[in-house]
1. Looking only at segment 209-245, which residues are surrounded by 17 or more Cβ atoms within 10 Å (Cβ to Cβ) and charged (D, E, K, R)?
2. Would you confirm, using the coordinates I've provided, whether PRO264 is out of contact with any Cys (no Cβ under 8 Å at 6 or more places or on another chain), in the same structural domain as GLU126 (by TED's automatic domain parsing), free of Cβ contacts under 8 Å to residues at least 24 places away in the same chain and not in a loop (DSSP other than H, G, I, E, B)?
3. Name the residue that is modelled with the highest pLDDT, counting only residues in segment 142-156 that are out of contact with any Gly (no Cβ under 8 Å at 6 or more places or on another chain) and more than 20 Å from VAL132 (Cβ to Cβ).
4. Identify all residues within segment 48-60 that are at pLDDT 90 or above and either over 26 Å from SER155 (Cβ atoms) or buried (at least 19 other Cβ atoms within 10 Å of the Cβ) (or both); write none if there are none.
5. Inspect all residues belonging to segment 70-81 and state whether any of them is without any contact (Cβ under 8 Å) to a residue 60 or more places away in the chain, of a type in the set (Gly, Ala, Ser) and surrounded by 13 or more Cβ atoms within 10 Å (Cβ to Cβ).
6. Which residue out of SER131, SER176 is buried (at least 20 other Cβ atoms within 10 Å of the Cβ), at pLDDT 90 or above and not acidic (Asp, Glu)?
7. Which ones in segment 163-198 are closer than 24 Å to SER129 by Cβ and hydrophobic (A, V, I, L, M, F, W, C)?
Amino acid sequence: MRPMATSARRANTPGAAGRGSEADGAAPRNSDFVQSLDRGLAVIRAFGPDRDKLSLSEVARATGLTRAATRRFLLTLVKLGYVRNDGREFSLRPRVLELGYAYLSGLAMPEIAAPHLEELVARVRESSSISVLDGHHIVYVARVPTKRIMTVAISVGTRFPAYATSMGRVLLAGLSEEDLARYLAEAEFEQFTARTVTDPDRIGEIVREVARLGYAIVDQELEEGLRAIAAPIRGAGDAVTAAINVSAHASRVSMSAMRTDLLPALLETARRIEADLRSQGPS
């Protein structure tokens, strides 16, 4: 099924930013903004799960940079050890993991949550993940899978649009009304399946209802056949800092079973993670 490949591609491709700085000259005028760094990172982000090997032209097209600029950035990344070149195509090297390791190593959540996720998965026999909000997307920071139920493999670092996911709606429900209004005004809403809600006003209504209920269920809006239920993980001051979910195939788990069978275990796991986080002191 290709829709998910499209979502993963759009979640990770920096083409809009690249085109803004290269094609139409709309580069930020802030003297503190380093445009070359922005473009170099855009080149790295051009690669993804379904784009592990790209030609120079493909990278240029994905980023909106000229071929000459793309070539300079790619060859610089090759010399720095972040990119490999086989003579015709480019691909990322393991060293790029260094760029995210500093963040993950300083994040207490995955280490603390891991045993609780494993216990939850063993109990409900469905996959479970934790994510945080990053701009208009959610980013996975911990995951314990069972059987693969999506067309795109999910791992730590995977990004999806917040509005179309259960964890995203939980995280959006934790925003202030002002921040939520800004998100609804600025985010792009793509139709992934026939069920995907893309109307900003309707999404706002759903998110406010999620805030009232304390959980979110998404039924096949991100991918056909995929259902997920999510709950918030709260930190200091009762602020929503992360979200935890359980995902299942629609043919295996009904909507009513999501609420009666999965939700109680999910909420219990979220509370246990919160308790362990509090015992570690303020973060």
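The values are calculated or read from the model by the stated rules, or taken from the named source; none is laboratory data. Nothing here was measured: the structure is a model prediction, and the numbers come from that model. Here the Cβ is made from the backbone with ideal geometry for all residues, glycine too, and neighbour counts use every protein chain on show.
1. Residues satisfying the conditions are GLU221, GLU223, ARG227, ARG234.
2. yes
3. Of everything passing the filter in segment 142-156, THR146 is modelled with the highest pLDDT.
4. First pass over segment 48-60, keeping only residues at pLDDT 90 or above: 53-60.
Matches in segment 48-60: LEU54, LEU56, SER57, VAL59, ALA60.
5. No, segment 70-81 has no match at all.
6. Numbers: SER176 fails: buried (at least 20 other Cβ atoms within 10 Å of the Cβ).
Exactly one of SER131, SER176 is buried (at least 20 other Cβ atoms within 10 Å of the Cβ), at pLDDT 90 or above and not acidic (Asp, Glu), namely SER131.
7. ALA164, MET167, VAL170, LEU171, LEU172, ALA173, LEU175, LEU180, ALA187, PHE189, PHE192, VAL197
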